[in-house]
1. Kindly establish whether Leu451 is surrounded by fewer than 18 Cβ atoms within 10 Å (Cβ to Cβ) and either farther than 30 Å from His279 by Cα or in contact with a Gly (Cβ under 8 Å, 6 or more places away or on another chain) (or both).
2. I want to confirm something. Restricting to segment 412-459 and keeping residues that are of a type in the set (Val, Ile, Thr) and touching a helix residue (DSSP H, G or I) at 6+ places or on another chain (Cβ under 8 Å), which single residue is farthest from Ala354 (Cα to Cα)?
3. What's the number of the only condition in (1) polar (S, T, N, Q); (2) buried (at least 24 other Cβ atoms within 10 Å of the Cβ); (3) closer than 24 Å to Val471 by Cα that Ser127 fails to meet?
4. Among the residues that make up segment 305-324, is at least one of them β-branched (Val, Ile, Thr), within 30 Å of Leu496 (Cα to Cα) and either out of contact with any strand residue (DSSP E or B) (no Cβ under 7 Å at 6 or more places or on another chain) or at pLDDT 90 or above (or both)?
5. So which residues in segment 219-241 are assigned to a helix (DSSP H, G or I) and touching a Pro at 6+ places or on another chain (Cβ under 8 Å)?
6. Determine if segment 270-279 includes at least one residue that is surrounded by 15 or more Cβ atoms within 10 Å (Cβ to Cβ), farther than 26 Å from Ser500 by Cα and without any contact (Cβ under 8 Å) to a residue 24 or more places away in the chain.
7. Looking at segment 242-279, which of its residues are β-branched (Val, Ile, Thr) and part of a helix (DSSP H, G or I)?
8. Among the residues of segment 478-510, write down those that are assigned to a helix (DSSP H, G or I) and touching a strand residue (DSSP E or B) at 6+ places or on another chain (Cβ under 8 Å).
Amino acid sequence: MAAPEGTLVRASRAAERFTGSRFAIPAVLVTSLVVYAAVSLALPLEAGRDLARYLLVYAQLFDAHVVFPNALVQRTPGTPLVAGLLLDAGPVASEIGLALLYSLSVVAWFSVARRFGPLAALATAVSLLAYPGYVLLFHQLASDAVFAAAFALVAVLLARAIERPTAARAAALGLGVAALVFARPVAQALLLLGLVPLLAARGLGPRLTAATAFACAAVLPLVALATHNALRADDFAVVRGGSASLLFRGFVADRIVEPANGDASAELARVVARELLPHEPYRSRGIDLETFFSSGSSRMHDDLTMLSDRVWGWDDDYRRLGRVAREAIRAHPGAYARGVGRDLRRLLLWPLYAPVEDEERPTPTPSPSQQAGQATPSAPPPVADDEPIPSSREAPYLSTPDGRIREVWTSPTEHSIVFRDPADAIRSAALDREVGLLLGNLPERGQRPALVARLNDVSRLYPRPFMWLLVGLAAALWRRPRGIAIPAVLAASALLVLLSTSFAVYAVAAYAVPVVPAFVLLATAGLFGRRTA
C-alpha cells in the first residue's frame, strides 16, 4: 500500500505546484482554446435560438425612432449587443469572440475552485473541459452562451464577496447580477444574492454598508434600462411580458387555461371568440374555443399577447393575461406543480446535443424576414405537425403603443405587414437588410456530421447535472471541506435559475448548461477540497 500512497502524495504535490503557479491560468486558457478549436473543426459557429430577433433589437438599439418597440422591450440588451458587435466584426471575429468567452468562463470556474485545493481545481478544469455540452453551447450564438459567461463571472465575484465582504466587492457582485439580467431576464431571481454580503459581513455597520452597495450596483443599471425602455418604447420595465410568460406555462406547456377557470378567463374567451376565431387563419380551419384553449399552440399564445395589446392597450402590460394565468394555476394547482416539477427534472437530466445536418440534404437557410418572424405572401410558413395554424395572426414583435403596424391576411395562407406610416415601411426594409447582413457574417463552412455525431455520443456518456448535484451534496455533508459555502451558494443560485425558468416555460436543455458548472464545482470541492480542521 505504500507505493500507491506515495504516488498519490506526489501527484497531489505536483498538482499543488501547478495550480499555485503563475502558469496555471494561462495553461487552462490555452487548453480551453484548443478544445474550442477542435470542436470547431466539426461544428462551426451557428445561429442559436432567436438570433434573428436579438439582431433586430441590435439593429434598432440606437435608432432615433424605434419601428418595432415591442421587439426592443421583450429582450434585454446584453445578448443583442454581444451578438451584434461580434457579427459586425465578421465571421472570424465572431468565432474568436465565442472562443474567448468559453475559455474565460472555464478559467473563471478554475480560479474559484483553486480556493479549495489543487485537486479540486484540477478536477473542476478537467471536468469542464471534458463537458461536451458546455463547449457546444458556445458554438451557438444565442443568449445561452452570453448567460453562461456572465454566470461564470458572477461565480468569481460571489467567491470574493463571501471571502471578504467589503462594500467594493459587494458592489462588484451587484454589477455582476445586473449583467446576468442584461443577458437573460430570469436572472432577476438572483437579486436574492444581496443577502450574501448582508450575512457574510461582521457587525451591523459593515453589513448595512455591503448590502447597500450591492443593492445600488444591482438596481441602478436595471432602473436605467427601464427608463431607457420608457423613453424609447413607452414601457417602464426591465423587460416586457412577464405576465405573458406566466401564461405561456399554463397555455402551452400545461394546457390548463380554460374559460371556466374564472372571470378573467371567461372574459378572455369572449374576446378570442369575437376578435380571433372569425378571422384567418382560424376561420378557414374551423377552430372553435375548445380547440383554441386545448391546443397548446405557441402561435396561439402569440396571438393572445397581441390581442391583449389591441383590446386592453399597451399600458395594460398583459396584466389581464397574468390574471388568467393565476386563475389557471388556482384551478389546476396539481397539474401546474407536476408540469414545473417535470420540466425541472428534465433540466437536471437532459444533455445538450448539437443538431446533425443531413450530408446529402443540407438544411436550407431561411431568409432574414422569415427568421425574424415576418411571413411573406410568396412563401407562407408550413403548418407543423403539432401546430393547428400556419402562423400566428399577428407576430408579437409588430405590436406598438398606437397600433400603427398590422399584419393582414388576404387568404387562409397569405399574409403581409401593413404600415400606417410609409417611413416605418422604409425603415423596416432597411432593418431586414441589416439583419440579413449580420446573419450572413456567420461562418459559411458546413459542419462535419460524422464528427458531430461522435460529440453527441460523448454527451450521452457525460454525467448529468443531477449527478454532480447529488455527489456534491453528499460529499459536502460527509467531508465538510473549508469554504464549502461558496459552491453551496452557487449551486443554490443555479437551482433557483432553473426553478424560475420552469415556472414560466417548458424545458430546453440549453437553459441548464450555463449553470451546470456550479454543480460540478460543488462536487469537486466536496470530494477534493481541503477539510476543516
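1. Values: surrounded by fewer than 18 Cβ atoms within 10 Å (Cβ to Cβ): yes; either farther than 30 Å from His279 by Cα or in contact with a Gly (Cβ under 8 Å, 6 or more places away or on another chain) (or both): yes.
For Leu451, the condition - surrounded by fewer than 18 Cβ atoms within 10 Å (Cβ to Cβ) and either farther than 30 Å from His279 by Cα or in contact with a Gly (Cβ under 8 Å, 6 or more places away or on another chain) (or both) - is met.
2. So in segment 412-459, the residues of a type in the set (Val, Ile, Thr) come out as 413, 417-418, 426, 435, 452, 458.
Now narrow it down to the ones that are touching a helix residue (DSSP H, G or I) at 6+ places or on another chain (Cβ under 8 Å): 417, 435, 452, 458.
Numbers: Ile417: 34, Val435: 24, Val452: 7, Val458: 11 Å.
My answer is Ile417.
3. With respect to (1) polar (S, T, N, Q); (2) buried (at least 24 other Cβ atoms within 10 Å of the Cβ); (3) closer than 24 Å to Val471 by Cα, Ser127 is out only on (2).
4. Our first condition is that a residue be β-branched (Val, Ile, Thr); within segment 305-324, this holds for 305, 311, 324.
So of that shortlist, the ones also within 30 Å of Leu496 (Cα to Cα) come out as 305, 324.
Then keep just the ones that are either out of contact with any strand residue (DSSP E or B) (no Cβ under 7 Å at 6 or more places or on another chain) or at pLDDT 90 or above (or both); that gives 305, 324.
Yes, some residue in segment 305-324 is β-branched (Val, Ile, Thr), within 30 Å of Leu496 (Cα to Cα) and either out of contact with any strand residue (DSSP E or B) (no Cβ under 7 Å at 6 or more places or on another chain) or at pLDDT 90 or above (or both).
5. Applying the first criterion (assigned to a helix (DSSP H, G or I)) to segment 219-241 yields 219-233.
Hits for segment 219-241 are Leu225, Arg232, Ala233.
6. Filtering segment 270-279 down to residues surrounded by 15 or more Cβ atoms within 10 Å (Cβ to Cβ) leaves 271-272, 275-277.
Filter once more, keeping what is farther than 26 Å from Ser500 by Cα: 271-272, 275-277.
Remaining after also requiring without any contact (Cβ under 8 Å) to a residue 24 or more places away in the chain: 277.
The answer is yes, given that some residue of segment 270-279 is surrounded by 15 or more Cβ atoms within 10 Å (Cβ to Cβ), farther than 26 Å from Ser500 by Cα and without any contact (Cβ under 8 Å) to a residue 24 or more places away in the chain.
7. Of all residues in segment 242-279, those β-branched (Val, Ile, Thr) come to 252, 256-257, 271-272.
The answer is Val252, Val271, Val272.
8. Quick first cut of segment 478-510, residues assigned to a helix (DSSP H, G or I) only: 478-479, 485-504, 509-510.
If the condition is that a residue be assigned to a helix (DSSP H, G or I) and touching a strand residue (DSSP E or B) at 6+ places or on another chain (Cβ under 8 Å), then Arg479, Ala510 are the ones that fit.
The values are calculated or read from the model by the stated rules, or taken from the named source; none is laboratory data. All values reported here derive from a predicted model rather than from experimental measurement. Counting neighbours? That spans all protein chains shown, and the Cβs are built from the backbone with ideal geometry, glycine included.
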